[in-house]
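Novice: Structure provided below as structure tokens; questions to follow.
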Amino acid sequence: MLYTAIMIDKHITSDLLRGHTDTIILGLLMSGDKYGYEITKLVYEKSDQTYQLNEATMYSSLKRLEHDSRITSYWGDETQGGRRKYYRITEDGRTAYRVNKHNWDAAKRILEHLL
Amino acid sequence: MEQKLHTFLEQAFAPYGNFPARAEVTKELLSNLQDKYTDLKRQGLSDDDAYRATVESFGDAAEIMEQLSPAQPVKAERPVQPAADGGTLRQIMKEAFRQAKHSSSRFASTDLRQTDLSDSDLAAADFSFSALQGATFDASDLTGAVFTAAALTGARFEEANLAGASFIASDVQEGRFANANLTDATFKASALKGANFTGAALRGTTFMESDLSGLSFDNQTLTGVTFERSSLKRTSFKNAKLMDVTFRHSDPKEAVFEGATMDKVTYAMLKNTKADLSGVTIA
């Protein structure tokens with residue numbers, strides 16, 4: 001029973017987090033350009049190994065952000081191993097991040113009172 | 001291993017054929033998966049375990065395809081700006097939908113409560129996850145439109161063409177479908193309490209896992225309609241004509257068929273479910 005409860009809890013949490021994928025990625029890019037797996041790994045590490053952003057979710061988020069001119073991308077020139085695509089946040093992206101962060105802080109305050 | 005991961009991606013995208021960005025997409029995803037695989041190996045996982053963990057965390061290719069569809073989604077998440085007068089807002093919405101339609105785009109997750117979208121060309125539009133309570137779609141072309149998890153309480157679809165449209169997991173209570181064309185339309189896992197289907201064309205229409213209790217199909221002609229795992233408590237088919245209608249796991253025992261006309265097959269099927277068929281004419 002307890003096991004089931006935890007599973008459901010994790011599922012809901014991940015749904016909640018998914019809605020914030022764009023902002024999470026923008027937040028990570030605030031500190032510098034990053035490539036795909038680096039983002040996945042940082043999400044995992046920064047969440048104390050509790051949240052795994054899957055490839056498909058991350059990739060579709062990156063494409064959406066790129067289409068909305070919030071990030072730009074370029075292929076790196078790795079001398080060894082495969083080439084990687086890097087993402088860089090734009091001014092629009094920084095603004096979007098600040099707005100989303102502000103909205104989240106506001107929502108968080110409200111939820112803290114209500115839940 | 002690169003080959004194995006490459007094969008995995010090929011399979012994941014196989015259902016989508018050769019879409020334009022495919023090479024670019026798989027190239028980048030392959031590099032991500034390889035990075036992950038290498039990292040897991042470095043952490044001491046065996047080849048098999050590392051491969052399994054890598055592909056298991058890939059997720060759903062459909063999510064990527066949704067983002068890559070030829071036209072990018074219009075910015076439907078942006079709230080509708082209040083216009084000075086309703087007429088203007090209506091024009092803006094209509095224009096937005098017209099453009100969205102031409103770019104075969106989707107405008108999911110939109111707040112369109114009480115919006116007037118009558119007489120609009122909205123074929124194949126995607127209204128999933130949208131708030132459409134009380135919206136009006138009268139006489140609009142909604143052929144193949146998709147309403148997944150949409151809030152449509154009291155929405156009006158009178159005279160609308162909903163051929164092939166689908167309402168899945170949506171709240172369509174008090175929905176008004178009078179004289180709408182519901183040919184091959186699907187209602188699945190949706191709330192239809194108080195919905196009105198007077199005069200609607202019901203050909204090949206499917207009602208699945210939906211609560212149809214108390215609804216009236218009186219005096220209507222139902223051809224090739226399927227009721228599957230739906231509640232039909234006190235659903236009324238008085239004086240209706242039922243041709244080739246299927247009732248699967250729907251328990252029509254308490255449905256009302258008084259004065260209805262039906263073909264032999266439909267009659268036999270209903271007879272088996274112990275439905276009350278007194279006053280029914282076999283055509």
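Nothing in this text is a laboratory measurement; each read-out follows from the coordinates by a stated rule. Predicted model, so just to flag it, every value in this text is computed and none were measured. Reconstructed Cβ throughout: ideal geometry from the backbone, glycine too, with neighbour counts over all protein chains shown.
Novice: How much FRET efficiency would the formula 1/(1 + (r/R0)^6) give for B:T281 and B:A169, where r is the Cβ-Cβ distance and R0 is 51 Å, rounded to 0.05?
Specialist: 0.85
Novice: Check which residues have an amide H placed less than 5 Å from A:I71's amide H, if you skip close sequence neighbours.
Specialist: Answer set, sorted by chain and number: A:E66, A:T90.
Novice: Something else about it: Using only helices, what value at 222 nm comes out for the protein assembly as shown when you add -39,500 (n - 2.57) per DSSP H run of length 4 or more and divide by the total residues, to the nearest 500 deg cm²/dmol?
Specialist: Working: 11 runs with 151 residues, N = 398.
Per the formula, -12000 deg cm²/dmol.
Novice: If you take every DSSP beta bridge fully contained in the protein assembly as shown, what fraction is antiparallel? Give it as a percent rounded to 5.
Specialist: Taking every DSSP beta bridge with both residues in the protein assembly as shown, the antiparallel ones total about 15 percent.
Novice: Related question: Once you have the Cα-Cα distance between B:D47 and B:A178, take 0.36 nm times their residue separation minus that, and quote the gain in nm to one decimal.
Specialist: 41.0 nm
Novice: Follow-up. Given a Förster distance of 35 Å, report the FRET efficiency between A:D68 and B:T38 from their Cβ-Cβ distance, rounded to the nearest 0.05.
Specialist: Efficiency for this residue pair is about 0.65.
Novice: Starting from the 7 Å offset along Cα-to-Cβ, what nm value, one decimal, do you get for the label separation of B:D263 and A:E78?
Specialist: Spacing of the two 7 Å Cα→Cβ label points: 6.2 nm.
Novice: I'd like to know how the stretch B:2-68 sits against the 2.2 N^0.38 Å rule of thumb: what's its Cα Rg over that expected value?
Specialist: Relative to the rule-of-thumb radius for its length, the stretch B:2-68 sits at 1.14.
Novice: Determine, from the Cβ-Cβ distance of B:D218 and A:A107 and an R0 of 41 Å, the FRET efficiency 1/(1 + (r/R0)^6), rounded to the nearest 0.05.
Specialist: Result of the calculation: an efficiency of 0.30.
Novice: For a quick protection proxy, order the peptides B:206-215, B:10-19 by their average other-Cβ count within 10 Å, most packed first.
Specialist: Descending mean neighbour count gives B:206-215, B:10-19.
Novice: While we're looking at this one, here's another question. Step by step: find N for the protein assembly as shown, compute 2.2 N^0.38 Å, then divide the Cα radius of gyration by it. What's the final number?
Specialist: Working it through for the protein assembly as shown, the quotient is 1.20.
Novice: Same structure, new question: I want to verify a result. In a Gaussian network model of chain B, Cα cutoff 10 Å, which of these has the top mean-square fluctuation: B:D263, B:D138, B:D35?
Specialist: Of B:D263, B:D138, B:D35, the Gaussian network model singles out B:D35 as fluctuating most.
Novice: Could the peptides A:31-40, B:45-54 be put in order, highest first, of the mean number of other beta-carbon atoms found within 10 Å of their residues?
Specialist: Going from most to least packed, we get A:31-40, B:45-54.
Novice: Using 0.36 nm per residue, how much length does the chain from B:T198 to B:D251 gain when fully extended, once their Cα-Cα distance is taken away?
Specialist: The B:T198-B:D251 span can extend by a further 16.8 nm.
Novice: Beyond 31 Å between alpha-carbons counts as too far, so tell me which of A:K101/B:K36; A:K41/B:K188; B:K36/B:K188; A:K85/B:K188; A:K85/B:K41; A:K108/B:K41 fall in that bin.
Specialist: Working: A:K101/B:K36 29 Å; A:K41/B:K188 39 Å; B:K36/B:K188 40 Å; A:K85/B:K188 42 Å; A:K85/B:K41 22 Å; A:K108/B:K41 39 Å.
Result: A:K41/B:K188; B:K36/B:K188; A:K85/B:K188; A:K108/B:K41 exceed 31 Å.
Novice: Please give, to one decimal in nm, the separation of the simple spin-label points placed at B:D60 and A:H20, each 7 Å out from Cα toward the Cβ.
Specialist: Computed distance between label sites B:D60 and A:H20 equals 2.2 nm.
Novice: Label point 7 Å out from B:E209 along Cα-to-Cβ: which residues of the stretch B:170-197 have amide N under 16 Å?
Specialist: Hits in the stretch B:170-197 for B:E209 at 16 Å: B:170-172, B:186-192.
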